[in-house]
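Down below is the structure, laid out as structure tokens.
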Amino acid sequence: VRDQLRCLASIDDGVGQILDVLDERKLTDNTIVIFTSDHGFLHGEFGQTQGKRWPYDPCLRVPFIIRWPGVSRPNAIGTQMAASIDLVPTLLEWAGVTWHAEFHGRTLTPLLENPEAAWRDSLLLEYFVERVAPRCPQYFAVRTDQWKYIHYPALDGMDELYHLAED
């Protein structure tokens with residue numbers, strides 16, 4: 001855990017250095033910076049250590065920061081369920097690229113323009129077993145603002161339902 005926290009501190013320092021260079025070179029005003037991660041990590045929660053694949057919020061919720069001067073609001077905190085699948089349509093739109101393919105994700109632009117914009121009210125989560133992590137079973141889950149339901153196809157009777165504010 002200490003080594004992971006040291007890595008996080010190093011990442012924080014590195015991002016700060018990148019932002020400082022953008023300021024020094026006067027590139028801040030026309031540079032979009034996005035910071036995110038592919039997963040969180042369990043440090044003993046839910047009886048798991050060394051876990052990043054589980055359908056629990058410490059694994060699923062990740063930092064997602066956008067800095068776009070003149071568009072994003074400094075220190076704004078969104079509560080909507082954005083996901084990595086939203087990055088491609090967002091970046092294509094911001095780059096002025098027209099696409100014809102359908103995406104599962106949605107552009108994040110409405111959330112930057114209006115934090116109260118209509119947005120998704122649920123998110124599908126899924127995991128397929130990897131040889132490097134055989135202890136984490138396949139799952140499909142649905143998360144809303146208030147609920148999370150987890151279905152394990154190979155584990156009969158082991159589904160989980162959580163009221164997120166109370167459980």
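The values are calculated or read from the model by the stated rules, or taken from the named source; none is laboratory data. Keep in mind it's a predicted model, so treat the numbers as computed, not measured. Positions of Cβ are generated from backbone atoms using ideal geometry, with glycine treated the same way; all protein chains shown enter the neighbour counts. The area values use the complete protein model at the heavy-atom level, side chains included, leaving out ligands, DNA and RNA. Shrake-Rupley method; radii C 1.70, N 1.55, O 1.52, S 1.80 Å.
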(request) Compute, for Glu130, the solvent-accessible surface of its heavy atoms (probe 1.4 Å) with the complete set of protein chains present, and express it in square angstrom to the nearest 10. (result) 70 Å²
(request) Give the accessible area for Val132 in Å² (nearest 10); use a 1.4 Å probe, count only protein heavy atoms, and leave out ligands, DNA and RNA. (result) 120 Å²
(message) What does the C-alpha gyration tensor say about the overall shape of segment 61-104? Classify as rounded when a/c is under 1.5, otherwise prolate if a/b is larger than b/c, or oblate.
(response) oblate
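If r is the Cβ-Cβ distance from Ala154 to Val132 and R0 is 25 Å, what FRET efficiency results, to the nearest 0.05?
Numbers: r = 18 Å, r/R0 = 0.71.
The calculated FRET efficiency here is 0.90.
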(message) I'd like the carbon and sulfur percentage of the solvent accessible area for the chain, probe radius 1.4 Å, heavy atoms only, ligands and nucleic acids excluded.
(response) 55 percent
(request) Run the 1.4 Å probe and let me know the accessible area of Ile77, rounded to the nearest 10 Å². (result) 150 Å²
(request) For segment 1-70 and segment 118-134, compute the distance between their C-alpha centroids and round to whole Å. (result) 20 Å
(message) Test of understanding: what is the full-extension gain from Thr109 to Trp94, defined as 0.36 nm times their sequence separation minus their Cα-Cα distance?
(response) 4.6 nm
(request) Return one number: the angle in degrees, 0 to 90 and rounded to the nearest 10, between the long axis of the Cα atoms of helix 2-24 and the longest principal axis of the Cα atoms of the chain. (result) 20 degrees
(message) Probe radius 1.4 Å, ligands and nucleic acids left out: which of Trp147, Trp119 has the largest accessible area, and how do the rest follow?
(response) Trp147, Trp119
(request) Per DSSP H run of n ≥ 4, the term is -39500 (n - 2.57); total these for the chain, divide by its residue number, and report the mean residue ellipticity at 222 nm rounded to 500 deg cm²/dmol. (result) -7000 deg cm²/dmol
(request) Report the charge-dipole magnitude of segment 20-109 in Debye, nearest 20, computed about the Cα centre from +1 at each Lys and Arg Cβ and -1 at each Asp and Glu Cβ. (result) 80 debye
(message) What's the magnitude of the charge dipole for the chain around its Cα centre, counting Lys and Arg as +1 and Asp and Glu as -1 at the beta-carbon? Answer in Debye, nearest 20.
(response) 340 debye
